[in-house]
Amino acid sequence: MKELNINIPVTMKQEDELTEQEKALLVEAKAATFRSYAPYSNFSVGAAALLEDGTIVSGSNQENSAYPSGICAERTTIFYANSKYPEQKVMMLCVVARDTKGQFTERPIAPCGACRQVLVETETRYNQKMQIMLYGTEGIYFIGSAKDLLPVSFDSSFL
Ligand code: THU
């Protein structure tokens, strides 16, 4: 038997330690939470993606009375970025959430499994690691790539 250990480096920063570019991304992701449509969960998520040319696009979760038809902020944002700017690599994605009381979450928000799979696809598609920035008021996690968020992932190399 052989044991494989997978280590995933996560850096934690406070808001005052962010670069100007990270701050700009965070502002957009926070603003996007206020455009969320979340009448069922009352959990408002916003995401902002930094593209290669410096463009920032943002999106939010969009729910539906038929619950599974809704979509998370991360996929809204990535699909919008990829459909509007298909030539632009996605360099960084910032995710923010406000809880049912409307407060930004203390803990950094954790993208769901389906979103992680979509983020991995985008990395594969552009052959570009996407830095993931997960916001919480107690600290901001930085993860170097979407693949780090979904180790042992399925991608087109299996097909
Ligand atoms: N949600 C996101 O948009 N992103 C996440 O990372 C976690 C969950 C949404 C889905 C649903 O609209 C609401 O938050 C509660 O699960």
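General observations
- Using the Cβ of ARG116 as centre and a radius below 13 Å, the other residues enclosed give a net charge of -3, where K and R count +1 and D and E count -1.
- Calculated over segment 84-152, the projected area of the Cα convex hull averaged across directions stands at 5.3 nm².
- Gained length - ARG107 relative to SER156, 0.36 nm times residue gap less alpha-carbon distance: 14.4 nm
- In loop segments of segment 12-43 as defined by DSSP, the trypsin sites (Lys or Arg not before Pro) with at most 15 further C-beta atoms inside 10 Å of their C-beta are ARG35.
- Taking SER157, SER145 and counting other C-beta atoms within 10 Å, the order from fewest to most: SER157, SER145
- Approximate shape of segment 68-118 as ellipsoid semi-axes (Cα gyration tensor, √5λ), whole Å, largest first: 23, 13, 10
- For segment 22-159, share of DSSP beta bridges that run antiparallel, in % to the nearest 5: 80
- Full extension of the chain segment joining LYS129 with ALA114 gains 3.6 nm, where the gain is 0.36 nm per residue of separation less the Cα-Cα distance.
- Intensity falloff of segment 1-122 expressed as log10 I(q)/I(0), Debye formula with alpha-carbon point scatterers, at q = 0.16 Å⁻¹: -0.79
- Within the chain, helix-based [θ] at 222 nm, where runs of 4 or more DSSP H residues each add -39,500 (n - 2.57), nearest 500: -8500 deg cm²/dmol
- The number of Lys pairs in the chain with C-alpha atoms less than 27 Å apart, excluding pairs fewer than 8 positions apart on the same chain, is 22.
- The length gained on full extension between SER41 and LYS23, counted as 0.36 nm times the residue separation minus their Cα-Cα distance, comes to 3.7 nm.
- For GluC sites (Glu not before Pro), the sites in segment 121-153 that DSSP calls loop and that have at most 14 other Cβ atoms within 10 Å are GLU138.
Only the coordinates and a few stated rules stand behind these numbers; no lab work does. These figures come from a predicted structure and were not determined experimentally. Neighbour counts run over all protein chains shown; Cβ positions are idealised from the backbone, glycine included.
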